[in-house]
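The values are calculated or read from the model by the stated rules, or taken from the named source; none is laboratory data. Please read all numbers here as calculations on a predicted model, not as lab measurements. Glycine gets a Cβ as well: all are built from the backbone with ideal geometry, and neighbour counts include every protein chain shown.
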Amino acid sequence: MTAKRVFFVLLALTLVFALGMMAGCEEPAPEEEPEEEAVEEEPEEEAVEEEPEDIEIDIVVGFAAGGSNDLSARYMAEKFADYGIQANVVNMPGGMGTEAAYHVSTQSPDSNMFMWAHPLIMLFEPAAGDRGFTIHDFDPVALLASPTFCIGSKAGAPWEDMDDLVQYIEDNPGEVTLGGQGEGNMMHFIAELILDPDELDYTYVGLEGGADVALNLTGGHVDVGHLSLAAARPLHQDGDLTVLVNTQILVERDPLMPDIPNVIEFGIDAQEPHPLALWGPKGTDPALITRMSEAMSQIAQDPELIANYEGAGMIAHYLDTDDTWDFFMDVEENMIPRFKEWLADYETR
Amino acid sequence: MITFRVTLNVKIGLLIMILSAAAFIWTYFMPLRSMELFIPRISLGLMGFGGFLIMLKDFLESAEKIFEPSREKILPYLIGVPAAMWLYGWSFRNIGLLTSTFLFLTIWWVSISIRDAKRTETMQSVTPKILKLAALAFLITASVQLLFIELLNMYMPRTFLP
Amino acid sequence: MFDMDAMREAFFIVFALDTVIFIMIGVVVGISVGAIPGLAHSLPIALVLPFSFVLPIHQTMGLLLGTYKGGTYGGSITAISFGTPGTSGAAATVADGYALTKLGKGKKALEMGLYASVTGDVLSDLALIFLVVPIGMMAPRFGPAELSALYFLALSLVVVFSTENPGKGILSAGIGFFLAIIGRDILTGGLRFTFGVRYLEAGFPLVPLLIGFFAVPEIIKQFKEIISKPEQSGIVGEVAERILSLKEEGLTLKEFIGSWRGLGLGTIIGTLLGALPGPGATLCSYTAYSVTSQFSKDVNYGKGALEGVATAEAANNATCGATFIPLLTFGIPGSSIAALLMAALIMEGVPVGPRVVVDHTVVVYTLFLLLLLANPFNLLFGKLLIPVYSKLTKIPAAILWPVIAIVLVIGTYALNNRPFDIVICLIAGLIGYFFKWFKLPDGPLVLSFLVTPLFEANFRQALTISRGDLTYFFASGISQVLWIVTVATIILFVRKRRKTEGKIAGD
């Protein structure tokens, strides 16, 4: 009797799963579509078909699905398929992306697992404390995305640009509050490079993230905020806040908002090293790296990807394997010592 | 009239009080800012205070019912069940999802049915029962694979068995 | 304000066969899989993101909202049937729901869960549609000072849970506070109480903690029964069967209406709290559950009352609509699911921000209609699946519980692909067992665990902004009202408690 019941229940469960499977089975079918589109759009890429064989890789993202970090990886993964590289995006959130980086650094070089990471994860976090890995545990593949960050002020603020703001703080010491993303991290360090607390008397408050900064700026709880351009742009257009400068490091003007000046134009050397690159565990096959890097150089030209990145507040910008390494090494040499010094000072505050 | 009683509540309350007081003092030797320790100190204070109240209540109120926890032998299960679950978690990541799911379920059911068969002295009919359960284990393993791997695309380390 | 043409267009988009099919798939998958511990949160992500590249936006949204709503309801099914919440939002349902199942009223409880979920959901969707502008405009006015006051109010509800035995309530709250602060400091990144364990730096994640806390003790208990009482283990199922075969009664209209307090409070609290970024379904259902406990006339509240199920389920599903309010008014995602929808919209080229209602009216109306349309499907498939689930409870324990244990382990891992989450889940289970054994109330732990990070961050931010000036906390009208309500609540609850104590003493 009982066995019969069990059987029925399991039958029901199997049916439910089968229904779910129907949804799952549709997955491979639509995947073919973009390939067709790609062929239509880019017939010049026939050379790609000569590639040896299809390969499957994992791209590890250190943040939850849906954020700009994750989106940029997914857009890239989608395009990788055109080059015979099937890329799965794996989200491993935790510890500002360092848990994921630690995981990838412990993988064997032939695991085909890659980390999607910016200098915050690769350089600044390991400099702030032992995270179990350093950048030297990885081999670079290439750099592809650079999110733009910006400084915005609340609606109706009595200043119009950076110079005004600095002047205002000098005239009204202790009145201005700057909301940033957390304390004692790279974003805080950059914010204090832009507005030096030793010379200017203002209050820095660490908020929880970009959305939190946007909300506090909109509500007027902080006067100035440090957030991503993607989050700030719609609010800027609606008049809920005003974007003062961007801090993009790779290009001066962000094509998304070309009228917003770069922080360097005000003589402030505090461009934010935020570009995202792909990293394999140390010892990854150089042939694979070259193949992926070449694919990425093509992907960076793809108009659809450029538009997608723009929509998510990022610039599609390709640096090859050597240039990527040089870019990160430049940050390590020039910024990390200053960051460490600043951190030591911050910790005794 | 006050009668002092040393019940289990008193003992546990006292233990919690001592532990949280020790941790509270320890916070003063931590390399953290006072802002970062604000809530931790409140929490340890609350735990200590809670332990104190629990102790006090039993100590003073003789009218209160004495707390009688179940005296059943639970410790082996308290260690064994989580250990088995952890072992399963380890094995599906390192040996293989299909293999370990099937083995864990089958081994468990086989041992249970043999035990039951011995108890009810129905050893002769145990084989078909075990086969049925193995089929069930196979079905469940298959659904787990369909659900987590095929449908949800769960990330799996590459293992040497499926 | 209201654009009839856009509404007509949206109507034709939504009531087309393809959209309806996608909602349906979403709801069915959501309910059946959302009932599996840990999956309701990871499922929509895994299922929807790969599709959003290829499907048009209305189909993607249908799938997303269907799985989201189905999953939010589905979590209550296992909470009621096995005392194992499928989502952290259903944790508040366990107390009354599982007690009802043990009393042989599982079907009633499951039906109440379904009807309450759908009621709360529909009302919250309507609130979203009609109140999106006024409620949305309120959200940015909650700065660190106002939020500190609000979360202090939520913390004061701990008092409600603690009136029975203040010592145990306070101890439970203290443990909740402590678990919440383990890991990396949310603002400064300093490591607190990680004892050198790298994995603890990310803290105790909510879902593994809550699911472990409630489910693992039950699993331990069941395994103990199976092993230590072999003569009963085969019969456990049959006992349950006998109870269940007594032509189990469904929910009557009278019982449903009789829980109007719980339904109403749950919906209101779920909608209002759900509109703020941060709290989430779990906090909403716990808050509603504790507030209702003060107003419920049911003497069994907390030990198997339908009203307890009603309020918790109405509240967690009421967040489904409300969570999109800050997204549509400011383009600020208030929850992970709102962030996901935002990502899907961005992928489709719809920039989400304050002007989205004006610039992309059709998309927004489509979202509204999809939200409403998902509810009847939720009701229909929920109703169809209830008999299946109440049959599941008849399976002998020796067969059922190993499967639950296995699925719990994989589900916990699948959530973030993090092996250590399994360890956290098991540690939480041992803490949960201690709570059961020592008869500590679980409400204070859950509430303080959820609210502490929110309160701490806002409190410290407010202190930084005001440079240590405490009057900042009382500066705005909103905070003044909130502080007055807090004080009034505490006084009210304490006085009510005194009265009932007096009554008991008088008897």
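Yes or no, residue by residue, for (1) surrounded by fewer than 14 Cβ atoms within 10 Å (Cβ to Cβ); (2) more than 14 Å from C:Val407 (Cα to Cα):
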| residue | (1), (2) |
| --- | --- |
| B:Lys73 | yes, yes |
| B:Leu98 | no, no |
| B:Phe102 | no, no |
| B:Thr106 | no, yes |
| B:Val110 | no, yes |
| B:Ser113 | no, yes |
| B:Lys118 | yes, yes |
| B:Leu133 | no, yes |
| B:Ala137 | no, no |
So the check is Cβ under 7 Å with 6+ separation or different chains; which pairs have a first residue in segment A:267-279 that's farther than 13 Å from A:His118 by Cβ and a second one that's part of a loop (DSSP other than H, G, I, E, B)? A:Ala270/A:Thr247; A:Gln271/A:Thr247; A:Gln271/A:Ile249
Can you report the number of residues in segment B:114-162 which are facing another protein chain (nearest Cβ under 9 Å) and either touching a Lys or Arg at 6+ places or on another chain (Cβ under 6 Å) or at positive phi (or both)? 2
Do we find a residue being of a type in the set (Asp, Glu), in contact (Cβ under 8 Å) with a residue 12 or more places away in the chain and assigned to a helix (DSSP H, G or I) anywhere in segment C:163-174? no
Kindly list the number of the only condition in (1) surrounded by 23 or more Cβ atoms within 10 Å (Cβ to Cβ); (2) within 11 Å of another protein chain (Cβ to nearest Cβ); (3) more than 30 Å from A:Pro303 (Cα to Cα) that fails for A:Ala128. (1)
Where in segment A:146-232 are the strands (runs of 3 or more DSSP E), entirely inside, with at least 2 residues that are in the same structural domain as A:Glu252 (by TED's automatic domain parsing) and over 22 Å from A:Met314 (Cβ atoms)? A:149-154, A:177-181, A:203-207
Among the residues in segment A:113-125, are any more than 17 Å from the chain's Cα centre (by Cα), more than 17 Å from A:Val245 (Cβ to Cβ) and not β-branched (Val, Ile, Thr)? yes
All conditions in (1) at pLDDT 75 or above; (2) outside any helix (DSSP H, G or I) are true of C:Tyr68 except (2)
Out of (1) within 14 Å of chain A (Cβ to nearest Cβ); (2) touching a Pro at 6+ places or on another chain (Cβ under 8 Å); (3) surrounded by 19 or more Cβ atoms within 10 Å (Cβ to Cβ); (4) farther than 28 Å from B:Arg115 by Cβ, the one C:Arg355 does not meet is (3)
Does at least one position in segment C:99-118 carry a residue that is more than 13 Å from C:Ala318 (Cα to Cα), surrounded by fewer than 21 Cβ atoms within 10 Å (Cβ to Cβ) and within 14 Å of chain A (Cβ to nearest Cβ)? no
Within segment C:382-395, can one find any residue that is buried (at least 24 other Cβ atoms within 10 Å of the Cβ) and modelled with pLDDT of 75 or more? yes
Has segment B:97-113 got any residue that is away from chain A (no Cβ under 11 Å), more than 23 Å from the chain's Cα centre (by Cα), over 30 Å from A:Thr106 (Cβ atoms) and not in a loop (DSSP other than H, G, I, E, B)? yes
Could you list, in sequence order, all residues of segment A:254-282 that are farther than 22 Å from A:Asp330 by Cβ and assigned to a loop (DSSP other than H, G, I, E, B)? A:Pro255, A:Leu256, A:Met257, A:Pro258, A:Asp259, A:Ile260, A:Pro261
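Given the condition of a type in the set (Val, Ile, Thr), crowded, with 19+ Cβ neighbours inside 10 Å and modelled with pLDDT of 90 or more, answer yes or no: does some residue in segment C:452-460 qualify? Give the derivation first.
Within segment C:452-460, the subset of a type in the set (Val, Ile, Thr) is C:452.
Within this subset, residues satisfying the condition of being crowded, with 19+ Cβ neighbours inside 10 Å are C:452.
Filter once more, keeping what is modelled with pLDDT of 90 or more: none.
For segment C:452-460, residues of a type in the set (Val, Ile, Thr), crowded, with 19+ Cβ neighbours inside 10 Å and modelled with pLDDT of 90 or more: absent.
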Which numbered condition trips up A:Ser146, out of (1) over 18 Å from the mean Cα position of the chain (by Cα); (2) farther than 26 Å from C:Asp185 by Cα; (3) not aliphatic (A, V, I, L, M)? (1)
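For (1) free of Cβ contacts under 8 Å to residues at least 40 places away in the same chain; (2) closer than 21 Å to A:Ala232 by Cα; (3) within 14 Å of chain A (Cβ to nearest Cβ), each residue gets a yes or a no:
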{"residue": "C:Ala312", "(1), (2), (3)": "no, no, no"}
{"residue": "C:Cys320", "(1), (2), (3)": "no, no, no"}
{"residue": "C:Ile332", "(1), (2), (3)": "no, yes, yes"}
{"residue": "C:Met347", "(1), (2), (3)": "no, yes, yes"}
{"residue": "C:Ala374", "(1), (2), (3)": "no, no, no"}
{"residue": "C:Phe377", "(1), (2), (3)": "no, no, yes"}
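Would you mind finding the one in A:Ala231, A:Ala191, A:Ala155 that is out of contact with any Lys or Arg (no Cβ under 8 Å at 6 or more places or on another chain), of a type in the set (Gly, Ala, Ser) and over 26 Å from A:Pro119 (Cβ atoms)? Don't jump to the end; show me each part of the working.
Working: A:Ala231 fails: over 26 Å from A:Pro119 (Cβ atoms); A:Ala191 fails: over 26 Å from A:Pro119 (Cβ atoms).
A:Ala155 is the lone residue from the list that is out of contact with any Lys or Arg (no Cβ under 8 Å at 6 or more places or on another chain), of a type in the set (Gly, Ala, Ser) and over 26 Å from A:Pro119 (Cβ atoms).
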Identify, by number, the condition in (1) touching an Asp or Glu at 6+ places or on another chain (Cβ under 9 Å); (2) within 11 Å of chain C (Cβ to nearest Cβ); (3) over 26 Å from A:Gly184 (Cα atoms) that B:Thr7 doesn't meet. (2)
So is A:His221 crowded, with 19+ Cβ neighbours inside 10 Å, over 22 Å from A:Val89 (Cβ atoms), without any contact (Cβ under 8 Å) to a residue 60 or more places away in the chain and not charged (D, E, K, R) or not? yes
All but one of (1) more than 14 Å from chain C (Cβ to nearest Cβ); (2) more than 17 Å from the chain's Cα centre (by Cα); (3) not polar (S, T, N, Q) hold for A:Ala300; state the number of the condition that does not hold. (2)
